[in-house]
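Here the structure comes first, spelled out in structure tokens, and everything after it is commentary.
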Amino acid sequence: MNLFLPSSSQSQRIISLTNIAVLLCLLVSTFAQEDEDENESELDDEQSATTVKAETLIMSSSPSLWTSYLNFCEFIAPYGAILCFLAPLPTVRQIVSNKTVGNLPLLPYSSMIANSFVWVTYGLLKNLPTVWMSNSVGVVCGTYYFITFTKYANPLANNLPGTVSQHCKGAGSVVLFNLALGLSGMANAAEFIGKEGVVWCVLLFASPLVALKTVVQTRSAASIPLPFTIACFINCMAWSVMGWYIMEDFNIWFPNVLGWSCAVVQLVLKGVYGNRAGLPK
């Protein structure tokens, strides 16, 4: 009998123990795999939660910043308009000091009265206080500039362009026409006046572009008033944002986008050429 060979009963025990060990190994590996899956799932959940929190934070902060910007534009727009209306004051005070208008034109002041009155009427009809209140300052300032200018201007002068009488009739006609239209009760009066205001603004904002040809030819931007141009840049930017996002009004944002573009061109030329002495034309 070989002592090293197990008996049949021992062999069965060994086989049973082996099977039990194999089952235990399978169970342990199964539990380990489940733990790993749970850990990975928890990790994925944590990462997803972190991503959601980050996206939520970004989404919540972005509207807050945008809302703050819109509020800033809404606050600064009326003051920007008033600043532009006050810009000619040093020139008018110089006229009073010199007791002569020299070769200065009357058109900026007569057009300020007409344009501002158009927007006052539009703002009242559309119930836009920021529009009519700020442009009321333009009517007052334009009237003061106009009266002061005509006081020291030659009544027979025809290079203003035109004469003083023609400017009085032109500005007066615009005021009376829009006043009558505003009081007429017409259903589309506000829209008509708004489109008229757009035309006025396009003409006013396009007028400085004529002088830009001289700036390029002489390579001197000394004729571009930097403070006034910066004021126009800020003013038109604020009104463009207000008109597009807050008021949703074409008559507000469109002309101010044009004015902002014109101010950008003037600022670029000011930066390129500066106030150097100009070349002969």
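Every number here is computed from the coordinates shown, using simple stated rules; none is lab data. Predicted model, so just to flag it, every value in this text is computed and none were measured. Every residue, glycine as well, gets a Cβ built from its backbone with ideal geometry; the counts of neighbours run over all protein chains shown.
Between Leu226 and Cys168, 0.36 nm times their residue separation minus their Cα-Cα distance comes to what?
On the way: separation 58, 0.36 × 58 = 20.88 nm, distance 3.03 nm.
Working it through step by step, the gained length comes to 17.9 nm.
R0 = 35 Å: FRET efficiency of Thr148 with Val272, Cβ-based, nearest 0.05? Please report the intermediate quantities before stating the final value.
Working: r = 35 Å, r/R0 = 1.01.
Calculated value: 0.50.
What FRET efficiency do you get for Ser97 and Ser64 if R0 is 41 Å and r is their Cβ-Cβ distance, rounded to the nearest 0.05? Don't jump to the answer; show the numbers that get you there.
Numbers: r = 50 Å, r/R0 = 1.22.
With R0 = 41 Å, the Cβ-Cβ based efficiency is 0.25.
What list of ³J(HN,Hα) values in whole Hz, one per residue of the stretch 261-276 in order, does the Karplus curve 6.51 cos²θ - 1.76 cosθ + 1.60 (θ = phi - 60°) give from phi, with Gly and Pro shown as x?
Here the 3J(HN,Hα) series is 4, 4, 5, 4, 4, 5, 5, 5, 5, 5, x, 6, 9, x, 9, 4 Hz.
How far apart, in nanometres, would the label points at Val202 and Tyr79 be if each is projected 7 angstrom from Cα along the Cα-to-Cβ direction?
3.3
Work out from phi, with θ = phi - 60° and the Karplus expression 6.51 cos²θ - 1.76 cosθ + 1.60, the ³J(HN,Hα) of each residue of the stretch 184-198, listed in order in whole Hz, and give x for Gly and Pro.
6, x, 4, 5, 9, 4, 5, 5, 5, 5, x, 5, 4, x, 4
Tell me, in nm to one decimal, what length is gained between Met133 and Lys213 on full extension, where the rule is 0.36 nm per residue of separation less the Cα-Cα distance? Write down the numbers at each step before the final one.
Values: separation 80, 0.36 × 80 = 28.80 nm, distance 3.54 nm.
Here the segment from Met133 to Lys213 would lengthen by 25.3 nm.
Sticking with the crude label model, points 7 Å out along Cα→Cβ, report the distance from Leu107 to Val140 in nm, one decimal please.
2.9
Using the Karplus equation 6.51 cos²θ - 1.76 cosθ + 1.60 (θ = phi - 60°), what ³J(HN,Hα) coupling, rounded to whole Hz, does each residue of the stretch 239-254 give in order, writing x for Gly and Pro?
Here the 3J(HN,Hα) series is 5, 5, 5, 4, x, 7, 8, 9, 7, 6, 10, 4, 5, 8, 6, 4 Hz.
Once the cut-off is 25 Å, how many percent of the Cα-Cα pairs in the stretch 147-281 end up in the long-distance tail?
Numbers: 4349 of 9045 pairs.
So the pairs more than 25 Å apart make up 48 percent of the total in the stretch 147-281.
Sort the following peptides by mean Cβ neighbour count (other Cβ atoms within 10 Å, averaged over residues), highest first: 183-191, 76-84. Walk me through the numbers on the way to the answer.
Working: 183-191: 12.0, 76-84: 20.4.
Going by the mean number of other Cβ atoms within 10 Å, highest first, we get 76-84, 183-191.
How far apart, in nm, are two points set 7 Å out from the Cα along the Cα-to-Cβ line at Val264 and at Lys195?
A separation of 2.8 nm, rounded to one decimal place.
Cα centroids of the stretch 113-138 and the stretch 225-281: how far apart, whole angstrom?
Measuring centre to centre over Cα atoms gives 20 Å.
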